[in-house]
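*Asks:* Questions regarding the structure given below will be posed in turn.
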Amino acid sequence: MTDTASAPLTVTARYLVVDLEGTTSAAGFILGDLYDYARPRLAAWLDEHAGDPVIAEARQQVIHDASLPTDASTDEVVAVMHEWMERDVKATPLKTVQGQIWAEGFARDEISSHFFDDVIPRLRTWHAQGVGLAVFSSGSVASQVPWFRHSPDGDLTSLITDYFDTVKAGPKKVAESYEKIAAALGVPAAELVFFTDNPGEVSAALEAGWQVVAFSRAGEPFFEADFGGATVVSSFDDVEVVAP
């Protein structure tokens, strides 16, 4: 494991881009509460929103990716999605459907988001000091926006400039995705910093020329992982992000 920073780390960046699961928020909450909310609603959502081009495309992607018959039943498609959920596969069509279900759940106040205690105060501070904030998560943009709108500390969407998922930017472990985000934000790679707990994402962002801070939080999936050359911290309180 890379040594954890022993003193507060100062990063100069025009934009901070954050991962969610394991970085700002507990993976167990997403894989537990949110997955449990979506799981029994998948079949009905696919059937009731069959006329939605986004859902129709997601369904066909599942059929293609799982090599199902082209006329596969909803039950067959959902069985694949349940299996992906059990293995926490970051499959775009699954994230698309889950995102719509979660967005409705947030709107109905049936679910709410989760953030580690150190996250929201620091995001507010950095935003007030002129640091731009964006999100890059495997969860769909449709779920990211209500995630920030329905936080334990109120609506945080005014803090966030842009949201990126695997449809909008590309796979999270591929350098080109980070290049695409930099272009969309209009910021040179060297003036961007990515916060993530995933070693593969650390490598991809570094390859794209970004600054990276790796998070090793106790109890999270990548606690004490090998993060290569990235500086490792355990809390947003261990970092100071300043605008150039």
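*Asks:* Being more than 22 Å from Ala183 (Cβ to Cβ) and surrounded by fewer than 20 Cβ atoms within 10 Å (Cβ to Cβ) is the requirement here; does Glu207 meet it? Steps first, please.
*Replies:* Working: more than 22 Å from Ala183 (Cβ to Cβ): no; surrounded by fewer than 20 Cβ atoms within 10 Å (Cβ to Cβ): yes.
No; evaluated as a whole, the condition is false for this residue.
*Asks:* Take region 31-55 and flag every residue that is open to solvent by less than 20 Å² (accessible area, probe 1.4 Å) and in contact with a Gly (Cβ under 9 Å, 6 or more places away or on another chain).
*Replies:* Selection gives Leu34, Ala38.
*Asks:* Give the residue that is farthest from Phe115 (Cα to Cα), with candidates limited to residues of region 154-166 that are in contact with a Lys or Arg (Cβ under 8 Å, 6 or more places away or on another chain) and open to solvent by 10 Å² or more (accessible area, probe 1.4 Å).
*Replies:* Thr166
*Asks:* Can you tell me which residues in region 215-244 are open to solvent by 60 Å² or more (accessible area, probe 1.4 Å) and in contact (Cβ under 8 Å) with a residue 60 or more places away in the chain?
*Replies:* Those that are open to solvent by 60 Å² or more (accessible area, probe 1.4 Å) and in contact (Cβ under 8 Å) with a residue 60 or more places away in the chain: Gly219, Pro221, Phe222, Glu224, Asp226, Gly229, Asp237, Pro244.
*Asks:* Please give the number of the condition Ala169 fails out of (1) at pLDDT 95 or above; (2) open to solvent by 20 Å² or more (accessible area, probe 1.4 Å).
*Replies:* (2)
*Asks:* Out of the residues in region 95-153 that are under 14 Å from the mean Cα position of the chain (by Cα), outside any loop (DSSP other than H, G, I, E, B) and hydroxyl-bearing (Ser, Thr, Tyr), state the one that is surrounded by the fewest Cβ atoms within 10 Å (Cβ to Cβ).
*Replies:* Thr96
*Asks:* Something else now. Given the residues Val193, Val212, Val202, which is the only one that is assigned to a strand (DSSP E or B) and either open to solvent by less than 10 Å² (accessible area, probe 1.4 Å) or not β-branched (Val, Ile, Thr) (or both)?
*Replies:* On the way: Val212 fails: either open to solvent by less than 10 Å² (accessible area, probe 1.4 Å) or not β-branched (Val, Ile, Thr) (or both); Val202 fails: assigned to a strand (DSSP E or B).
Residue meeting the stated conditions: Val193.
*Asks:* I would also like to ask the following. As an exercise: evaluate Gly228 against (1) on the phi > 0 side of the Ramachandran plot; (2) at pLDDT 95 or above and give the number of the one condition it does not meet.
*Replies:* Of the numbered conditions (1) on the phi > 0 side of the Ramachandran plot; (2) at pLDDT 95 or above, the odd one out for Gly228 is (2).
*Asks:* Follow-up. Keeping to region 71-88, report how many residues are in contact with a helix residue (DSSP H, G or I) (Cβ under 8 Å, 6 or more places away or on another chain) and either part of a helix (DSSP H, G or I) or open to solvent by 30 Å² or more (accessible area, probe 1.4 Å) (or both).
*Replies:* 10
The values are calculated or read from the model by the stated rules, or taken from the named source; none is laboratory data. What you see is a predicted model; the values in this text were computed from it and never measured. Neighbour counts are summed over all protein chains in view; Cβ atoms, including those assigned to glycine, are modelled from backbone coordinates with ideal geometry. We work out accessible area using only protein heavy atoms, side chains counted, and drop any ligands, DNA or RNA first. Shrake-Rupley method; radii C 1.70, N 1.55, O 1.52, S 1.80 Å.
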